[in-house]
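A.B. asks: After the structure tokens below, expect a handful of questions from me.
The values are calculated or read from the model by the stated rules, or taken from the named source; none is laboratory data. Just so you know, these numbers come straight off a predicted model, no measurement behind them. All Cβ positions, even for glycine, are placed from backbone atoms using ideal geometry, and neighbour counts span all protein chains on display.
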Amino acid sequence: MTPVSSPHLDLLRNHIDIARVPFSDRGSRLLVWQQPGPSRLLVKLAERLTGLQPDIDAYRQRPPFIRDLVLVDEAGEPLDFKVETWPHRLCLRTRLGDVHLAFQDRRTLSFGLPSQMSAGLRFHVAPQFWEETACGGVFKAIRNLAYATNGEPVRNQITPAQGGYVVEFIVQGGDDRTIVLAIREEPDSTCEVLPSLTVRAAAEARWRAWFSRVPPVDERYLQTYAYAWWIMANNLISPQGRVAYEAMTPSKIHYVGLWLWDSAMHTLAYRHVDPELARNQIRAMLACQLDDGMLPDAVYDEGVIAEIDHPIRAEVTKPPILAWAALKLHEIDPDLAFLQEIYVPLVRWNAWWFSMNDDDVDGLAQYNHPYSSGLDDSPLWDQGMPVESPDLNTYLCVQMGSLALMAEALGMAAEGAMWRRRASAIVRRMIADFWDDKAGLFRALHDEQPVPVVTPFNLYPLWTGQLPAAMRDRLIGHLTDPAEFWGDVVIPTVARHDPRYDPAVMWRGPAWANVNYFFVEALRQVGAHDLARALREKTLEMVMRHPSIYEYYNAETGEPPPTAADTFGWTAAVFIDLAIQASQEEGEA
């Protein structure tokens, strides 16, 4: 079948539900939501702002920067509206005419008012943080709001209210009158106000240019594919503070910052449209490498997260897959200069794993904190830390294989051979220490004792491509057993027959698209191409069941649990890459 092209922007008309996910724009940290209640909007900030609240997770509960934003007529009466959504603008339909909301730039919202009718905005704005103290109270604000118009103001009223201010700003009727709201660090009161028609045309051109670069896919994937590409642009944030490059947050709603292994997964999609943007996802993490070679768990504007004190205090990173991701990018857009740039930092990171995370010096690395695995609440960690785990050592084997290919591409054949020997050595060591012949899988170890839980991570050494045939076949047997991992929704992150299985609790049972992707890679590596295609199709179907794209899915119903983040980055990236794979194969058939 020949893949077909589509007007992706037009496919997304009214697909973005701003009551559930925010309207934002590439590079922006402003999130526009439809507020519960009649015809109201609010604006949140996708920023941690630890200068206000040192707690790195406080942003999740921080109140909106602007709330109760309503459209008003010349008498100040609220205007009900119905929302039409597009990636590039919101159309708010009122009895006076349409109000068009678009991003003038990443810090400025533009409201184009109805032609010839006096109208405006009323909204509540407050300092971002306030609390009572033992001797009084404190108000803090490190983001400032300026508003302005290119029209003639007929009312500009600011009234103290509820710990902040209510602003009512009404503009006389005329052609192409616009109100802008600019939220920025600087206290500068000046605002450039471009005509709304200009802003909307520029926004549409930006988004059409973005979609014009995406590869064609089969028609059955198109709706979700277009939405996934919207997420890949919408979740980007601009360089600021410790974020040294334009890079993608996993979700501007739930995960503000850049996460290490997420950034690797995001390159899978970006490599198809903008290889330099894909390279910058890797650069953004390497820019924050610590002196000892460790890469932090996450990076955000004001700092990095390299240690966490819950459920235990320890250094925290994420699985080592950057080298693998860099090679996936190199397959599509070879760039020896980039390999030269990242090779030594990746070698230092690999060395950190073995120098700081191998207490018994047996050549197998361990996790010292549950979160370093990325599998935060997996039952693999229920017995305590540290844990020597098959998944980590498989990642390290794949990483060393990737370093071998990099070294050889850079003309260092002897060094490449060394990495291949080390990759093979870690496989032999996993077989010696982790293999449970009775169960037919690889066990994680805590205090040198097997952890009694069955997960897909016990099957991960399949990905090395270096197992004896009998071991390989037994692992595939587990994977394809409906009592364990196979079924309508795959792959549960705990085996279905395991007593710890819960299909709705994060890493204790739900299906994750990234895990499925790794097994697609593993199956192709060992020549099980039909099974790889079946898993790929099940993964695509799982994501396409829903209008949005989620962090993980209930392994029985396929529904996203309430705790699963919406508009999730690596699920979108995996969907895109697998849809392109499937479409290219069908086109060649």
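A.B. asks: Six or more apart or on different chains, Cβ atoms under 6 Å: show the pairs whose first residue is in the stretch 261-272 and in a helix (DSSP H, G or I) and whose second is basic (K, R).
C.D. replies: W261/K318
A.B. asks: I've got another one for you. Would you please name the residue that is nearest to W324 (Cα to Cα), looking only at residues in the stretch 512-531 that are buried (at least 19 other Cβ atoms within 10 Å of the Cβ) and small (G, A, S)?
C.D. replies: A522
Residues checked against (1) at pLDDT below 95; (2) in contact with a Pro (Cβ under 6 Å, 6 or more places away or on another chain); (3) more than 16 Å from L121 (Cα to Cα):
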residue: G136; (1), (2), (3): yes, no, yes
residue: F139; (1), (2), (3): yes, yes, yes
residue: R143; (1), (2), (3): yes, no, yes
residue: A148; (1), (2), (3): yes, no, no
residue: I158; (1), (2), (3): yes, no, no
residue: Q162; (1), (2), (3): yes, no, yes
residue: E168; (1), (2), (3): no, no, no
residue: D175; (1), (2), (3): yes, no, yes
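A.B. asks: Give all pairs with beta carbons closer than 7 Å in which a residue from the stretch 435-458 that is assigned by TED's automatic domain parsing to the domain that holds G487 meets a residue that is among the charged types (D, E, K, R) and part of a loop (DSSP other than H, G, I, E, B); count only pairs at least 6 apart in sequence or on separate chains.
C.D. replies: Within 7 Å, the pairs are D436/R443; P450/R443; V451/R443; V453/D498; V453/R500; V454/E484; V454/D498; N458/R443.
A.B. asks: E585 versus (1) over 21 Å from the mean Cα position of the chain (by Cα); (2) modelled with pLDDT of 95 or more: which is the lone unmet condition?
C.D. replies: The one condition E585 does not meet is (2).
A.B. asks: Right, something else. Somewhere in the stretch 364-385, is a residue touching a Pro at 6+ places or on another chain (Cβ under 9 Å), more than 24 Å from R443 (Cα to Cα) and of a type outside the set (A, V, I, L, M, F, W, C)?
C.D. replies: No, every residue in the stretch 364-385 fails to be touching a Pro at 6+ places or on another chain (Cβ under 9 Å), more than 24 Å from R443 (Cα to Cα) and of a type outside the set (A, V, I, L, M, F, W, C).
A.B. asks: State all residues of the stretch 188-237 that are touching a helix residue (DSSP H, G or I) at 6+ places or on another chain (Cβ under 7 Å), surrounded by 22 or more Cβ atoms within 10 Å (Cβ to Cβ) and either polar (S, T, N, Q) or outside any helix (DSSP H, G or I) (or both); if no residue qualifies, say none.
C.D. replies: Correct list: V217, T224, N235.
A.B. asks: Additional query: Looking only at the stretch 307-328, decide whether some residue is within 20 Å of the chain's Cα centre (by Cα) and over 17 Å from F518 (Cβ atoms).
C.D. replies: Looking for residues that are within 20 Å of the chain's Cα centre (by Cα) and over 17 Å from F518 (Cβ atoms), one finds at least one in the stretch 307-328, hence yes.
A.B. asks: In the list D376, D362, which residue meets the criterion of being of a type outside the set (S, T, N, Q), within 22 Å of the chain's Cα centre (by Cα), surrounded by fewer than 17 Cβ atoms within 10 Å (Cβ to Cβ) and assigned to a loop (DSSP other than H, G, I, E, B)?
C.D. replies: On the way: D362 fails: within 22 Å of the chain's Cα centre (by Cα).
Among D376, D362, only D376 is of a type outside the set (S, T, N, Q), within 22 Å of the chain's Cα centre (by Cα), surrounded by fewer than 17 Cβ atoms within 10 Å (Cβ to Cβ) and assigned to a loop (DSSP other than H, G, I, E, B).
A.B. asks: On to the next question. Kindly list the number of the only condition in (1) among the small types (G, A, S); (2) without any contact (Cβ under 8 Å) to a residue 12 or more places away in the chain; (3) assigned by TED's automatic domain parsing to the domain that holds H88 that fails for A182.
C.D. replies: With respect to (1) among the small types (G, A, S); (2) without any contact (Cβ under 8 Å) to a residue 12 or more places away in the chain; (3) assigned by TED's automatic domain parsing to the domain that holds H88, A182 is out only on (2).
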